[in-house]
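Every number here is computed from the coordinates shown, using simple stated rules; none is lab data. Just so it is clear, the model here is predicted, and its values are computed rather than measured. A quick note on method: Cβ atoms are made from the backbone with ideal geometry, for glycine too, and the neighbour counts reach across all protein chains shown.
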Amino acid sequence: MPMQTARRTMTGALAVAVALLTLASPAAVQAQAPFPSRTIKFVVPFGPGSGTDTSARYFARKLQDLAGQPVVVENKPGANGFLAVKQVLAAPADGYTVFIGSNSTLAVNAALFKELPYDPVADFAPLTMMMRSPAMLAITPGAPYQDLKGLLAYAKAHPGKVNFGAGSAGYQLMGELLNDAAQVQTVHVPFKGAGETMTAVAGGTVDYTFAEVTAVQELARGGRVKVFAVASDKRVGTSPDVPTFTEAGLPGFEAYTWVGAMVGSKTPAAETAKLAELFTAISKMDETRAFYERLGATPMTGGPAQMREFQKKEIALWKRIVQQAKVPLQ
């Protein structure tokens with residue numbers, strides 16, 4: 001009897017152990033699975049058609065190829081990017097939610113708002129820069145002026161009567177920077193994104209706007225908007241007929257948009273490092289350079305440390321511009 005009792009006890013213990021092992025196996029297997037092992041989501045703070053969205057969708061395709069996992073892009077426009085930021089920071093900090101941000105959400109907002117519902121530095125861990133693109137000055141086709149000098153002369157003669165649209169805080173500050181550089185007074189009209197802003201310019205709802213090259217070129221080729229200048233130190237290869245601001249009559253005026261990828265700062269270091277490795281690899285591809293050159297943009301290949309340094313410099317730059325142009329804080 002003692003022997004049988006011992007056997008029954010051992011059998012029972014073995015059954016319990018097997019049962020526990022069976023229950024634990026899925027979690028254990030999931031914990032041991034290499035990252036990433038399921039769908040990754042990119043959250044974009046602007047609508048389809050923006051430069052940020054274009055970059056997000058390109059990187060999503062490439063990341064899906066490299067990681068072997070699905071990558072989906074979700075547009076969450078509005079509220080100066082706050083809605084998208086809130087969604088990213090509320091998601092589990094596991095590396096499966098990536099914020100595809102821009103100069104507006106990751107730098108300009110810090111300069112333009114008295115209080116932000118997030119900290120663009122402390123709340124995010126950088127992965128890599130993705131691209132930089134010069135802004136173009138797009139004008140409604142029915143405007144009574146034919147070039148940059150004409151626009152500025154008209155604005156000086158009619159202070160407060162000319163308005164400009166802006167689909168983000170970044171473009172708003174570009175408009176304010178132009179006001180300061182040219183010593184004119186124009187009125188800012190806010191929109192939810194580049195697509196909505198360009199529609200307003202094409203329809204004559206607003207007089208002009210700054211927008212990335214990708215948002216302007218096709219409309220300009222179709223005659224729906226005019227382009228007076230590109231805010232860079234040289235002409236854009238995809239629009240060689242568009243002069244720089246210096247060539248058009250306002251020396252030294254430059255303004256760029258940029259896009260970068262981040263995750264919540266609470267994301268584990270291993271997952272953050274893996275994503276940074278994958279994103280940086282994509283940014284350095286010859287195919288990526290060719291993709292952006294076709295859009296009049298330039299890929300940026302710095303990793304996390306370089307992106308953080310760049311971001312901090314951008315925040316300092318736009319804070320100086322806000323003070324210099326006396327832009328009221330929101």
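Sum up the charges of everything whose Cβ sits under 12 Å from the Cβ of ASN179, counting Lys and Arg as +1 and Asp and Glu as -1, but leave ASN179 out. So the surrounding residues net to 0.
The slack in the chain from THR39 to GLU293, taken as 0.36 nm per residue of separation less the alpha-carbon distance, amounts to 88.5 nm.
Most tightly packed first, judged by the mean number of other beta-carbon atoms within 10 Å of their residues, the peptides 265-277, 89-101 read 89-101, 265-277. Taking the helices alone, the chain has a mean residue ellipticity at 222 nm of -14500 deg cm²/dmol, built from -39,500 (n - 2.57) per DSSP H run of at least 4 residues and averaged over all its residues. Need one number: the % of Cα-Cα pairs in segment 134-248 sitting beyond the 16 Å mark. The calculated P(r) of segment 134-248 puts 53 percent of pairs beyond 16 Å.
Residues whose amide H comes within less than 5 Å of that of VAL189, counting only those at least five positions distant or on another chain, are PHE164, GLY165, ALA166 (H built at 1.01 Å from N in the peptide plane).
Approximating the spin labels as points 7 Å out from Cα along Cα→Cβ, the LYS313-to-GLU247 distance works out to 2.6 nm.
Would you mind putting 142-154, 175-187 in packing order, based on average other-beta-carbon counts within 10 Å, highest first?
Working: 142-154: 16.2, 175-187: 19.0.
So the order, starting with the most tightly packed, is 175-187, 142-154.
Divided by 2.2 N^0.38 Å, where N counts the residues, the Cα radius of gyration of the chain comes to 1.26.
Just need the Rg to Rh number for segment 35-125, please, alpha carbons only, Kirkwood Rh.
Over the Cα atoms of segment 35-125, Rg/Rh equals 0.97.
The alpha carbons of segment 232-283 give a radius of gyration and a Dmax of 18.4, 51 Å, in that order.
Across segment 134-248, the relative contact order, built from alpha-carbon pairs under 8 Å that are at least six residues apart, equals 37 percent. Averaging the Cα positions of each part gives two centres, and for segment 222-237 and segment 283-329 these lie 19 Å apart.
Candidate membrane-span-like segments in the chain, meaning DSSP H helices with Cα atoms spread over at least 27 Å of their own axis and a Kyte-Doolittle mean of 0.5 or above, are 2-32, with no membrane implied. The peptide list 196-202, 71-77, put in order of mean Cβ contacts within 10 Å with the highest first, becomes 196-202, 71-77. Quick one: divide the alpha-carbon radius of gyration of segment 196-278 by 2.2 N^0.38 Å and tell me what you get. Against the compact-globule rule of thumb, the ratio is 1.52.
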